[in-house]
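Here is the structure we will look at, set down as structure tokens.
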Ligand SMILES: [Ca+2]
Ligand SMILES: [Ca+2]
């Protein structure tokens, strides 16, 4: 039975390879069959097809970083970065693929992850959530299937959504809506979905209009067949690519314990167990969560993996929070350190401010985190589209110093050299790889 199952999957894989697609999801069932040499050989062949000869020693950063460097304001940093136009470019752990390479590839798909690795991301992210049958899968949120996949276009699966598609009612000012969660589906049902660019059109009166929500500065060019995958499959894929791992335990959208007996701790433990099972060294894994309790759970119960656990700082959602006023940070940087947190990860804007001379410099938050001995990772570069109007949410503390696309490199330079972050998530890893390679940051 197992052989027949594998054989049919292998045939599917071959068929889709011919079509130029990528197929980790279809090559494995449930937990990745890491004892199966044939499966690994298939994966290896597939990666070779998508990656060519690109390995850790070379990265293909593509044209965008060169465009950004040319667009920079004049100065020594621009000259320095121009001097690196011919490389060499290579993989670096400083460059972290946020949801893969989500600027142009549908997030959390094989295609997006491979693109990230190809652009030199040394670490790639699977955001982790769970299905109805408690299988861990890569999605940014438990309930984003209606904006990140084609679920609404598949009537029998759309029928399982927590809330079906409801068209906009312009006369009464009511936007279109839907709510489709991984926990609405079994893994088998989840596997029938294809990834698309994240977005929805709130003015839509049809499903087709609703699904067409990609911002003009992204693209649907690579979004026709996004291959979804489980967390275990992402581990096998990343192993084959030779990249490291930064899974994020996403906050459940359903009440926990789920169905009465699946607790938050079960969920946090299950994510780590996938690495044990796959034989991944703890030092290659950076588990993340916005929930401090998850981070402390790993620190206390899975200490090898807790050592590099990343506390994602979402405290900005508290209106009292001020990245220039330590009195508003609770717990304090020192308290976090004392409780065993080693790495803190705020959004880029919390680490930056503009000084009296109009220059971007480290914020008080950044300086206090360093002083407490915390390492810092930050998110997310290349998620803001054109920067002519100040860059929006990710640049909110420095918008007065941001007025052209090349300013992303200036901000990145302050994060790297003045704040001293150890890694930067980006939606287009080539940009961070180019900078890091040029500055000899490993
Ligand atoms: Ca994430
Ligand atoms: Ca500028």
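Do any helices (runs of 4 or more DSSP H) lying entirely in region 351-442 carry at least 2 residues that are away from ligand 2 (no atom under 16 Å from the Cβ) and crowded, with 16+ Cβ neighbours inside 10 Å, and which ones are they?
Qualifying helices (runs of 4 or more DSSP H): 364-371, 429-438.
Report whether or not residue 295 is modelled with pLDDT of 95 or more, touching a helix residue (DSSP H, G or I) at 6+ places or on another chain (Cβ under 8 Å), part of a loop (DSSP other than H, G, I, E, B) and not assigned by TED's automatic domain parsing to the domain that holds residue 151. Taking the combined requirement at face value, the residue does not satisfy it.
Could you tell me whether any residue of region 88-96 is modelled with pLDDT of 95 or more, in a loop (DSSP other than H, G, I, E, B) and within 16 Å of ligand 1 (Cβ to nearest atom)? No, region 88-96 contains no residue that is modelled with pLDDT of 95 or more, in a loop (DSSP other than H, G, I, E, B) and within 16 Å of ligand 1 (Cβ to nearest atom). If I filter region 255-266 for residues that are in a loop (DSSP other than H, G, I, E, B), under 26 Å from residue 122 (Cβ atoms) and outside the structural domain of residue 194 (by TED's automatic domain parsing), do I get at least one hit? No - not one qualifying residue is present in region 255-266. Of the residues making up region 114-142, those that are away from ligand 1 (no atom under 15 Å from the Cβ) and either part of a loop (DSSP other than H, G, I, E, B) or under 17 Å from residue 287 (Cβ atoms) (or both) number 9. If you go through region 48-72 and pick out every residue that is out of contact with any helix residue (DSSP H, G or I) (no Cβ under 7 Å at 6 or more places or on another chain) and either in contact (Cβ under 8 Å) with a residue 12 or more places away in the chain or in a loop (DSSP other than H, G, I, E, B) (or both), you end up with 11. Residues of region 328-357 that are under 28 Å from residue 390 (Cβ atoms), out of contact with any strand residue (DSSP E or B) (no Cβ under 8 Å at 6 or more places or on another chain) and free of Cβ contacts under 8 Å to residues at least 40 places away in the same chain: 328, 329, 356, 357.
The values are calculated or read from the model by the stated rules, or taken from the named source; none is laboratory data. On a predicted model such as this, the values are computed, not experimentally measured, just so you know. Counting neighbours? That spans all protein chains shown, and the Cβs are built from the backbone with ideal geometry, glycine included.
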